[in-house]
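Coordinate-derived values only; no laboratory data. Note that the coordinates shown come from a computational prediction; the quantities given were computed from them, not determined experimentally. Glycine also receives a Cβ, built like all others from the backbone with ideal geometry; neighbour counts cover every protein chain displayed.
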């Protein structure tokens, strides 16, 4: 059966954004992966934070087959679209004080690293998390779209995450403003931020693991428990004290 024209159009748009990230962000992807590897090798913790649909990317690399065990989501109330009514999650992601409080009530410390994901980069909560993390002495990585770079939100004195460009590695996800990449039935549709964000997270994970191995260390990568030897491998990984602490196990 011939592929649907809408399917092909969305595929082309998504591929174009992925290509832009792979080529235009190569240097920043490498720099971010180096920061992640260095933090892991130094014994620091590696956190990831996102609001609403950006929170999906934290879930995408947490306790997942083929993903490293060093990722630790920094959860916050009202931030997950899966557990919070939609309009309330939108209100939560704009709450600057909530963003600061999420860091203040966490174990994030100097020498740790946090990756903040926000395509628009301007909502109060992610800006608050980034600001509070830097004030704690943590290293900052950001995934945001430069198409929103001139847009400002509601965080006092800081327009958006691009404000931290001289203190963070910012990876441009090249997502169009509004996220929708195609027109279907005369309506903007086809958001690409999740597809591209997942690509960035998996690439960063793989590149960081390569650097950890190159440094002579063994990376903590989960395997599928449904594949031969996977359950045994994961059990050994989960026996490590730092992994047990991350999963709140005795």
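Listed values, structure above:
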{"read-out": "Computed over the chain: relative contact order in percent, which uses C-alpha pairs under 8 Å that are six or more apart", "value": "22"}
{"read-out": "Inter-probe distance in nm under a simple model that places probes 7 Å from Cα toward Cβ, at residue 91 and residue 75", "value": "2.2"}
{"read-out": "Share of Cα-Cα pairs in the stretch 170-242 lying beyond 22 Å, as whole percent", "value": "51"}
{"read-out": "Listed peptides 218-229, 138-149 by packing density, highest first (mean Cβ within 10 Å)", "value": "138-149, 218-229"}
{"read-out": "Residue-averaged [θ]222 nm for the chain, counting only DSSP H segments that reach four residues, each worth -39500 (n - 2.57)", "value": "-13500 deg cm²/dmol"}
{"read-out": "FRET efficiency, residue 82 to residue 23 (Cβ-Cβ, R0 41 Å, nearest 0.05)", "value": "0.80"}
{"read-out": "In Å, descending, principal axis extents of the Cα set of the chain", "value": "54, 53, 37"}
{"read-out": "Calculated FRET value between residue 214 and residue 152, using beta carbons and R₀ = 35 Å, to 0.05", "value": "0.30"}
{"read-out": "The stretch 91-196, relative contact order [Cα under 8 Å, separation at least 6], %", "value": "24"}
{"read-out": "Three semi-axes of the equivalent ellipsoid, the stretch 10-95, Cα gyration tensor, whole Å, largest first", "value": "25, 21, 12"}
{"read-out": "Ranked packing of 100-112, 36-48, 233-245, most packed first, by mean Cβ within 10 Å", "value": "36-48, 100-112, 233-245"}
